[in-house]
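Take a look at the structure set out below.
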Amino acid sequence: MNGKAFLDTNIIVYAFDQTSPKKAKIVQELIAAGVAEKQLVISYQVVQEFTNVALRGFRVSIQTLDLESFLMKALFPMTVVPWTPSLTIQALRLQATHQLSWYDSLIVGAALQSGCKLLYSEDLQHGQRFGALTVENPFV
């Protein structure tokens, strides 16, 4: 990994996708390397969204203790960008300028505020740029 990178929720969810073992392996390796190198960043929004999906949206439900373990070992060690008023204003401007969904604009804003060079996401266009931030789909 070369520089800080932000992980969108949709990428993290693939770590648990039993229907796509290739994608799961890519994400598991990405998370392991990023945590070890202290180069991955997420926002509080990502923690909330992932936890919601894990509790309600996985085809095979995850046990509470397993979810706690993943949060403690994988997500919490990443730099977690908190909500701030400036993040909200930046997200509003990104939404207006780039026609992003509200939640995507919050993700892009958090990635920008944390100084990331890459944003791993499947929801945004691969190669799309927001200043010094580049969107990368790790499955392309």
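Assorted remarks:
- For GLY109, the requirement of being of a type in the set (Gly, Ala, Ser), in a helix (DSSP H, G or I) and surrounded by 13 or more Cβ atoms within 10 Å (Cβ to Cβ) is met.
- Residues of the range 8-31 satisfying the condition of being of a type in the set (A, V, I, L, M, F, W, C), under 14 Å from GLU122 (Cβ atoms) and over 10 Å from the mean Cα position of the chain (by Cα): ALA15, ALA24, ILE26, VAL27, LEU30
- Qualifying position, being surrounded by 12 or more Cβ atoms within 10 Å (Cβ to Cβ) and on the phi > 0 side of the Ramachandran plot, among LYS38, LYS23: LYS38
- Test: residue in the range 10-32 that is out of contact with any Phe, Trp or Tyr (no Cβ under 7 Å at 6 or more places or on another chain) and hydroxyl-bearing (Ser, Thr, Tyr): yes
For every residue, the table says whether it meets (1) under 30 Å from GLN18 (Cβ atoms); (2) without any contact (Cβ under 8 Å) to a residue 60 or more places away in the chain; (3) within 14 Å of the chain's Cα centre (by Cα).
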{"site": "LEU65", "(1), (2), (3)": "yes, yes, no"}
{"site": "PHE70", "(1), (2), (3)": "yes, yes, no"}
{"site": "MET78", "(1), (2), (3)": "yes, no, yes"}
{"site": "PRO85", "(1), (2), (3)": "no, yes, no"}
{"site": "LEU94", "(1), (2), (3)": "no, yes, no"}
{"site": "SER121", "(1), (2), (3)": "yes, no, yes"}
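- Restricting attention to the range 58-77, the residues being within 23 Å of GLU29 (Cβ to Cβ) and either polar (S, T, N, Q) or at pLDDT below 90 (or both) number 5.
Residues are listed down the side, and each one gets a yes or a no for (1) aromatic (Phe, Trp, Tyr); (2) part of a loop (DSSP other than H, G, I, E, B):
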residue: GLY3; (1), (2): no, yes
residue: ALA15; (1), (2): no, no
residue: LYS25; (1), (2): no, no
residue: GLU29; (1), (2): no, no
residue: THR51; (1), (2): no, no
residue: ILE62; (1), (2): no, yes
residue: ASP66; (1), (2): no, no
residue: TRP83; (1), (2): yes, yes
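The values are calculated or read from the model by the stated rules, or taken from the named source; none is laboratory data. These figures come from a predicted structure and were not determined experimentally. Here the Cβ is made from the backbone with ideal geometry for all residues, glycine too, and neighbour counts use every protein chain on show.
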